[in-house]
Amino acid sequence: MAHSDTDLQHPGERRNGGVWLILDDQDRALVVRPSYKDGVYQLVGGGAHLNEAPHLAAVREAQEEIGLTLVPHTLLVTDWVPDNPGRSAEANSYVFFHRLEPSELDTIVLNAGTPEGEKPELLDFTLLADEELDAHCEPYIVRRIRAATAAVRDPRLRGYLMQGFRVADPA
């Protein structure tokens, strides 16, 4: 039986998505600059379609955005973000890990999945070292990248975030 404050037929709007922490051999994060954000970079990935699992969304988005087929074998963190009125509903972003091989950097094709005649979603991609993140990314993205990178180094740090902040310390 559902609680009286829960409508199972009309749940609140929420988004799920899959994104990638893609690190090179120097632990620089591969980030992309979307055309719809004011010059800031974010992780590769995006929202899941209706009935699409977040890991499958991550795979699809990587193919569409950078032309790489990545395998989501390692879930680092799940990051919840509140709604942004007028822009987007609250969301859970599942952050998967990929170690970039040097040869893969040369095979990246930005906007690989953009249909002919459609405006490209992404303007640029780059690799950012930790000390460069604050100057190029939104604060919650910086926190997300740092938390996910820490989880690569120490699996005990894998877990749940709220806007890039850890909600619980490792056991």
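The values are calculated or read from the model by the stated rules, or taken from the named source; none is laboratory data. Bear in mind that the values here come from a model prediction, so they are computed numbers and not experimental data. Positions of Cβ are backbone-derived with ideal geometry, glycine not excepted, and every protein chain shown enters the neighbour counts. All accessible areas refer to the heavy atoms of the entire protein, side chains included, with ligands and DNA or RNA removed. Shrake-Rupley method; radii C 1.70, N 1.55, O 1.52, S 1.80 Å.
Quick notes on this structure:
- Pairs, first within 22 Å of Leu128 (Cα to Cα) and in a strand (DSSP E or B) in the stretch 145-171, second of a type in the set (Val, Ile, Thr) and at pLDDT below 95, C-beta under 7 Å, six or more apart: Leu161/Val167
- Looking at Val32, Val44, Val77, just one residue is closer than 15 Å to Cys137 by Cβ, open to solvent by less than 40 Å² (accessible area, probe 1.4 Å), in contact with a Leu (Cβ under 6 Å, 6 or more places away or on another chain) and not in a loop (DSSP other than H, G, I, E, B), and that residue is Val32.
- Counting the residues of the stretch 80-132 that are among the hydroxyl-bearing types (Ser, Thr, Tyr) and surrounded by 17 or more Cβ atoms within 10 Å (Cβ to Cβ) gives 2.
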